Amino acid sequence: MTPSPLIPVPIPDRVAALIGSCMPTHVLEAEIEADSAVREVHRFRGPLCHEDRADREHALSVLARANKVLAAHHPLLMIRPNRAYG
């Protein structure tokens, strides 16, 4: 049986720490920034006022900046803004 890409599988903390120890620090920081930016983008739904639009655009720019670092390390690490969170 193969795992579905749609069902997230939790990773134990020790395994995540081991994976993280093998990556450069700036890449880990960029991954955290990108993940936070995607969550911030998903906060804004429906009709947006000017301030919300500006906050959303700022989060998208943070995501783009972090994705540049991630893509330089490995293109498959990039995080898309349409990533689903539940």
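Every number in this text was worked out from the coordinates using simple rules, so none of it is lab data. Keep in mind the model is a prediction, meaning the values are calculated, not measured. Heads up, the Cβs are rebuilt from the backbone with ideal geometry, glycines too, and the neighbour counts pull from every protein chain shown.
Which length gain, in nm to one decimal place, applies between H74 and H50 when the Cα-Cα distance is subtracted from 0.36 nm times their residue separation? Kindly include the intermediate steps, with their values, before the conclusion.
Numbers: separation 24, 0.36 × 24 = 8.64 nm, distance 3.53 nm.
Full extension of this stretch gives 5.1 nm more.
Gaussian network model of the chain, Cα springs within a sub-10 Å range: biggest mean-square fluctuation belongs to which of S61, S21, S36?
Comparing S61, S21, S36 in a Gaussian network model of the chain, the most mobile one is S21.
Using DSSP to call loops (not H, G, I, E or B), can you name the trypsin sites (Lys or Arg not before Pro) in region 1-74 whose Cβ has at most 13 other Cβ atoms within 10 angstrom? Present the calculation step by step, with values, prior to reporting the outcome.
Details: sites: R14, R39, R43, R45, R53, R56, R65, K68; in loops: R45.
When the trypsin sites (Lys or Arg not before Pro) of region 1-74 are filtered for loop state and at most 13 Cβ neighbours within 10 Å, R45 remain.
Using the charge dipole of the chain (Lys, Arg: +1 at Cβ; Asp, Glu: -1 at Cβ; taken about the Cα centre), state which of H26, I7, S61 has its Cα farthest towards the positive end.
Positive-most Cα among the choices belongs to I7.
What distance in nm separates the two pseudo spin-label positions at I32 and N82, each 7 Å out from Cα along the beta-carbon direction?
3.0
Would you mind computing, in nm to one decimal, how far apart the modelled labels at A16 and R65 are, each placed 7 Å from Cα along Cα→Cβ?
If labels sit at A16 and R65, their model points lie 2.4 nm apart.
Would you look at the GNM of the chain, springs on alpha carbons closer than 10 Å, and say which of A17, A72, A34 moves the most?
Comparing A17, A72, A34 in a Gaussian network model of the chain, the most mobile one is A17.
Hey, in the GNM for the chain with a 10 angstrom Cα cutoff, which one of V69, V27, V15 fluctuates hardest?
Per the Cα network of the chain with a 10 Å cutoff, V15 tops the list.
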